[in-house]
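The values are calculated or read from the model by the stated rules, or taken from the named source; none is laboratory data. Values in this document were obtained by computation on a predicted structure and should not be read as measured data. Note: ideal-geometry Cβ built from the backbone for every residue, glycine included; neighbour counts use all protein chains shown. Just so you know, the surface numbers come from the protein's heavy atoms only, side chains and all, with ligands and any DNA or RNA stripped out. Shrake-Rupley method; radii C 1.70, N 1.55, O 1.52, S 1.80 Å.
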Amino acid sequence: DFGKPLNKAEDWKRAVDGIQKLSELAKPHNIQLNLECLNRFENYLLNTAQEGVQFVKEVDCDNVGVMLDTFHMNIEEDSLTEAIRDSGNLLGHFHIGEANRRCPYPQSRMNWTSIGNALREIGYNEYIVMEPFVRMGGQVGHDVSLWRDLSHGADDNQLDADAAYSVNYIRSIIGP
């Protein structure tokens with residue numbers, strides 16, 4: 001409840017301690033923990049790549065990294081490519097999607113070529129996951145505050161075709 005008083009410094013300390021403990025539990029199982037930087041409307045602790053990097057450095061565990069998502073970055077970052085570069089080798093997972101949560105496409109506001117170049121510059125070779133949310137309803141639609149149909153009435157076959165097109169587009173500029 002963001003309407004109540006928050007103590008970010010104290011919450012940050014508790015979170016660092018908690019992630020350090022979780023990291024130790026995860027290590028024997030070869031689990032990597034990547035902490036997602038979310039926009040200010042969904043979270044208050046980690047909103048930017050800079051905060052994510054600072055947090056991960058304070059946790060100081062080799063199985064803890066930063067997770068970035070272009071949807072959230074579009075809201076919080078001055079430069080998506082600088083945020084990627086600043087994350088460097090701490091970037092452990094990357095989500096892609098348009099500023100409106102649709103699948104990436106060539107006529108986008110997002111500069112996918114620059115994003116791909118920044119990922120290559122830092123040597124990122126982990127998964128890139130497309131995360132479109134285009135239909136209302138259900139728990140996910142509610143959780144991401146999707147109050148209108150962004151698919152333009154697409155059926156499942158069209159949604160699959162849109163996703164396949166986006167995957168091929170991203171691969172053509174970012175790589176396999």
Inset, instruction - Name the single residue, out of those in segment 121-143 being more than 20 Å from the chain's Cα centre (by Cα) and in a loop (DSSP other than H, G, I, E, B), that is nearest to I96 (Cα to Cα). - result: M136
Legend entry - Residue check for N168: part of a helix (DSSP H, G or I), among the polar types (S, T, N, Q), open to solvent by 90 Å² or more (accessible area, probe 1.4 Å) and more than 15 Å from E98 (Cα to Cα): yes
Legend entry - Candidates D162, D149, D86 - the one that is in a loop (DSSP other than H, G, I, E, B), out of contact with any strand residue (DSSP E or B) (no Cβ under 9 Å at 6 or more places or on another chain) and of a type outside the set (A, V, I, L, M, F, W, C): D149
Inset, instruction - Would you point out which residue out of L80, L90, L38 is among the hydrophobic types (A, V, I, L, M, F, W, C) and either more than 12 Å from the chain's Cα centre (by Cα) or surrounded by fewer than 18 Cβ atoms within 10 Å (Cβ to Cβ) (or both)? - result: L90
Inset, instruction - Would you please name the residue that is least open to solvent (accessible area, probe 1.4 Å), looking only at residues in segment 93-108 that are among the charged types (D, E, K, R) and on the phi < 0 side of the Ramachandran plot? - result: E98
Inset, instruction - Please indicate, with yes or no, whether at least one residue in segment 85-102 is within 24 Å of V56 (Cβ to Cβ), modelled with pLDDT under 95 and of a type in the set (F, W, Y). - result: no
Legend entry - From A154, A163, residue being surrounded by 13 or more Cβ atoms within 10 Å (Cβ to Cβ), within 20 Å of D69 (Cβ to Cβ) and small (G, A, S): A163
Inset, instruction - Go over the candidates N157, N117, N100 one by one and state the one that is under 18 Å from the mean Cα position of the chain (by Cα), in a helix (DSSP H, G or I) and not aromatic (F, W, Y). - result: N117
Inset, instruction - Would you mention how many residues in segment 144-154 are of a type in the set (D, E, K, R) and farther than 15 Å from C103 by Cα? - result: 1
Legend entry - Which numbered condition L46 misses (of (1) assigned to a loop (DSSP other than H, G, I, E, B); (2) open to solvent by 20 Å² or more (accessible area, probe 1.4 Å)): (2)
Inset, instruction - Give segment 1-35 a look and list any residue that's among the aromatic types (F, W, Y) and either within 18 Å of the chain's Cα centre (by Cα) or assigned to a helix (DSSP H, G or I) (or both), or say none. - result: W12
